[in-house]
Amino acid sequence: MSHFVHSPASRRTAVGCTLLVMALGAGATGCDGDENPLAAAPYDAAGTITFNGPVGAGKKADPDKPLEVVAEGSDGRITDVTAKDAAGRYVAGELSADGARWHSTSPLAANASYTVRVSTESGDGAPGRKVLTFDTGKPTAKKRLDITFGPEAGTYGVGQPVTAELSEPVKDPAQRKTVERALKVQSTPAVEGAWHWVDDEELHYRPKDYWPAHATVRARSTLEGIKIGDRMWGGRTEELKLSIGDRVIAVTDAASHTMTVFRNGEEIKQIPVTTGKPGFETRNGVKVVLGKEPFVRMRSTTVGIAEGSSESYDLPVHWATRVTWSGEYVHAAPWSVGSQGSANVSHGCTGMSTGNAEWFFDTVREGDLVEVVNSYGDTMETFGNGFGDWNLDWDKWRTGSALTGGNPKATQPEDTARLRPTTA
C-alpha cells in the first residue's frame, strides 16, 4: 500500500500543506474533494493541499522523483496514505511515527495516472480525508528493459522451471529487487516458490517442491513504465500460462542398471538400461526433460573424441529424449542390449532397447524428471546445461533471490567451458 495526505480546515483538521516532489520541475496535478462519508467536514479548498512544483493544465510530474506528503503544524497528523495508478498498482511508502511525513519507497510508473487518498486526524481526533490525482510524464531513459517468460505456453511436467530473460543486464542489487518484485508467478493450487538469478540477464522460478500435478501456473510482470535505474525503465511483458501434467519421474540406478518410472507416485514400468562406462560416467542428480527427437545422428567428433580412435562412433539413434544441452539423452541403443540390465557401456547416455525407448519417448513430456543415482559421474550442473535447478536445496535456492537471499554474486552459473558433452 501507499499513502498521501490531507488536512482539515481551521482547528478541526489542522494538517497543513502537502508536498509532492517531482524531478525536472515537472509536477502538475489536480486536487479533488472526496465525498466519502468518512470525511469529517468539507475542506477549505484554499491551501489545505499544495505542491512545490508548477501547477497548470498539461503539466505532468516527473516519475524519476519520489512522492512525498508533509503535514505542517502541530494540530493535525497524517494517519494513512494510499496511492495507486489506473492499472491498480500500489505505490509502497513509509509514514513517520509522528504522522508528519509520508514518502514513497517504490518507483512511480511513467505515463500513468495516479489517485492518492489521504486520511488525517485533527488535534481533537476528528477524522478527515482528501482525494488527489496527478499524471506522470514520459521517461527520459534511453534503455527499456523487456522481459520474456519461458517456456512457451503449453503443458509441461512437474519439474519445469519458469524462466525470465532480460533484454538488458541488471547487476545492481537494488535494481534487481525492483525487477524481481515486479515478476509475479501464481499457481493453482498455490505453492511456495522463489526466483533465482542465474546471471545478470536470466532468472529461474521454481517451487520449493515440484509443481503439483495438474496445476495451472501463470507468470506476469508489473514492471511496465517503472524506473529500474538511471536511464532504464520497464517495458511491456506478455503474460505466460502453463498447464502441469501428471507427476512423472524416472529414476535411473546406475549401479543396478535399471530405470524405474513413476506416475503420480505409482510405479508403472521398470526398464533394464546401460549408463556411462568408466571415463564417461553419466551425471548424477535431477535433470529436466528438454525435448524429444525421433531421430538423432550421434557422432563422437562432436564431443571431442577423435575419428578412428578406439572410442569413436557414428550412430543413427532413435527415440532420443534429451536431458542436457551438451548431448545427454535417454535413447534406443540396440547395439548394447546384451549389456542392458547388467553393465554400463555407454558414453554417458542412458541406453535401452528400441521398444522401451519408444515407450519412454511416448510417456514423458518436457518438464518431466529424470533422476540418476549411484553413478560415479559428476552431479548435474545447476545452470548452463539444461535445468539442473532441482539439485540445489531450497535454502541455497533462496540465496539466489534479490529479495530473500544473500550476495547475488555467489550464485552465478557454472563456467560453461566445464560442461562435458556426452552422447551414445
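Here are some notes:
- The residues in the range 204-231 that are among the hydrophobic types (A, V, I, L, M, F, W, C), more than 11 Å from Val185 (Cα to Cα) and buried (at least 20 other Cβ atoms within 10 Å of the Cβ) can be counted, and the count is 4.
- Test for Asp395: is it more than 23 Å from Ile305 (Cα to Cα), within 20 Å of the chain's Cα centre (by Cα), modelled with pLDDT of 80 or more and loosely packed, with under 13 Cβ neighbours inside 10 Å: yes
- The number of residues in the range 209-229 being closer than 30 Å to Ala110 by Cβ and either without any contact (Cβ under 8 Å) to a residue 60 or more places away in the chain or part of a strand (DSSP E or B) (or both) comes to 9.
- Residue count for the range 188-197 under the criterion of being of a type in the set (Gly, Ala, Ser) and over 13 Å from the mean Cα position of the chain (by Cα): the result is 1.
- Only listed residue being of a type in the set (Val, Ile, Thr), modelled with pLDDT under 95, open to solvent by 70 Å² or more (accessible area, probe 1.4 Å) and under 33 Å from the mean Cα position of the chain (by Cα), chosen from Thr422, Thr416, Thr411: Thr416
- Qualifying residue in the range 102-121 (condition: modelled with pLDDT under 85, small (Gly, Ala, Ser) and open to solvent by 50 Å² or more (accessible area, probe 1.4 Å)): no
- The set of residues from the range 92-118 being assigned to a loop (DSSP other than H, G, I, E, B) and under 26 Å from Lys143 (Cβ atoms) comprises Ala92, Thr105, Ser106, Pro107, Leu108, Ala110, Asn111, Ala112.
- Residue identified as under 34 Å from the mean Cα position of the chain (by Cα) and within 21 Å of Glu371 (Cα to Cα) among Val273, Val251, Val296: Val251
- Any hit, the range 333-349, residues being under 25 Å from the mean Cα position of the chain (by Cα) and open to solvent by 30 Å² or more (accessible area, probe 1.4 Å): no
- Scoring Thr404 on the criteria (1) among the β-branched types (Val, Ile, Thr); (2) open to solvent by less than 60 Å² (accessible area, probe 1.4 Å); (3) at pLDDT below 95 leaves a single failure, condition (2).
- Taking the range 277-291 as the range and being open to solvent by less than 80 Å² (accessible area, probe 1.4 Å), more than 23 Å from Thr382 (Cβ to Cβ) and either touching a strand residue (DSSP E or B) at 6+ places or on another chain (Cβ under 8 Å) or touching a residue at least 40 places away in the same chain (Cβ under 8 Å) (or both) as the test, only Lys277 passes.
- Of all residues in the range 292-311 being in contact (Cβ under 8 Å) with a residue 24 or more places away in the chain and among the polar types (S, T, N, Q), the one that is most open to solvent (accessible area, probe 1.4 Å): Thr302
- Filter result (touching a residue at least 40 places away in the same chain (Cβ under 8 Å) and over 9 Å from Thr274 (Cα atoms)) within the range 334-347: His347
- Residue that is nearest to Ala126 (Cα to Cα) [pool: residues in the range 70-91 that are assigned to a loop (DSSP other than H, G, I, E, B) and charged (D, E, K, R)]: Asp75
- Restricting attention to the range 150-178, the residues that are in a strand (DSSP E or B), more than 15 Å from Val289 (Cα to Cα) and either without any contact (Cβ under 8 Å) to a residue 24 or more places away in the chain or open to solvent by 50 Å² or more (accessible area, probe 1.4 Å) (or both) add up to 1.
- The range 122-147, subset in contact with a Ser or Thr (Cβ under 8 Å, 6 or more places away or on another chain) and among the charged types (D, E, K, R), residue most open to solvent (accessible area, probe 1.4 Å): Arg144
- Selection from the range 312-326 of residues that are assigned to a loop (DSSP other than H, G, I, E, B), open to solvent by less than 60 Å² (accessible area, probe 1.4 Å) and at pLDDT below 95: Ser312, Tyr313, Ser326
- All positions within the range 356-370 that are within 31 Å of the chain's Cα centre (by Cα) and open to solvent by 60 Å² or more (accessible area, probe 1.4 Å): Asp362, Arg365, Glu366
- Those residues of the range 371-380 which are buried (at least 23 other Cβ atoms within 10 Å of the Cβ) and within 16 Å of Ser256 (Cα to Cα), in sequence order: Val372
The values are calculated or read from the model by the stated rules, or taken from the named source; none is laboratory data. Keep in mind that what you see is a predicted model, and the values were worked out from it rather than measured. We place every Cβ from the backbone using ideal geometry, glycine too, and count neighbours over all the protein chains shown. With ligands, DNA and RNA removed, areas are computed over all heavy atoms of the protein, side chains included. Shrake-Rupley method; radii C 1.70, N 1.55, O 1.52, S 1.80 Å.
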